[in-house]
Amino acid sequence: MTTVTDVMTRDVRTLPPTSTITDAAKAMDELNVGVIPVCEGDTLLGMVTDRDIVVRAVAQGLGGDTPLSRVMSTDVRTARESDDLETVLGEMAASQIRRLPVVNASDALVGIISIGDIAVKGQDEEDVGQSLGEISTPA
């Protein structure tokens, strides 16, 4: 059985909730990613995406100095290190989620798993293709 820990990305860059949307945008550009976990220490408080910045900040006229705590998503689904990869892939497809933060038994953030991680390191191509199709289906 392949588990989340077998394919997840470790050493994920995080930002505290007091960081600004400009800080997050710069980090996303530097890392070539569209999401940054928002944490206090290793405790996951939320996630901020490039879409959050556009929809919850720019479109609302908020400035670049707006703290992430105002625009981050706080109702965040997570995966556990020990979760079965096939089950997580199914959950990602059902919820149309492309990436999930990964927490350990103490709920500390230990990584992130994306559909790309699964495609490159984990599942067979047919399962990934089907799940990606389900994730990409318009809501």
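The numbers here are math on the coordinates, done by the rules we state, and not lab data. No experiment lies behind these values; they were computed from the predicted model shown. As a convention, Cβ positions derive from the backbone with ideal geometry for all residues, glycine included, and neighbour counts pool all protein chains shown.
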*Gain in span if fully extended, Asp107 to Asp75, counting 0.36 nm per residue against the direct Cα distance*: 10.1 nm
*Calculated Rg and Dmax of the range 4-136 using C-alpha coordinates, Å*: 15.0, 44
_Note, ³J(HN,Hα) from phi for the range 66-79, Karplus 6.51, -1.76, 1.60, rounded to Hz, x at Gly and Pro_ = 5, x, 4, 4, 7, 10, 6, 7, 9, 8, 9, 6, 10, 10
*Using a Gaussian network model of the chain with C-alpha springs under 10 Å, which one of Ser69, Ser114, Ser106 is most mobile by mean-square fluctuation?*
Ser106
*Which angle between 0 and 90 degrees, to the nearest 10, do you get for helix 125-136 versus the longest principal axis of the chain when only C-alpha atoms count?*
30 degrees
*When the C-alpha atoms of the range 1-74 are aligned to their principal axes, what extent does each axis show, in angstrom, from largest down?*
48, 23, 19
*Of Ile53, Ile36, how do they rank once you tally other Cβ atoms within 10 Å and put the fewest first?*
Ile53, Ile36
*Rank Glu91, Glu30, Glu40 by mean-square fluctuation in a GNM of the chain with C-alpha springs under 10 angstrom and give only the top-ranked residue.*
Glu30
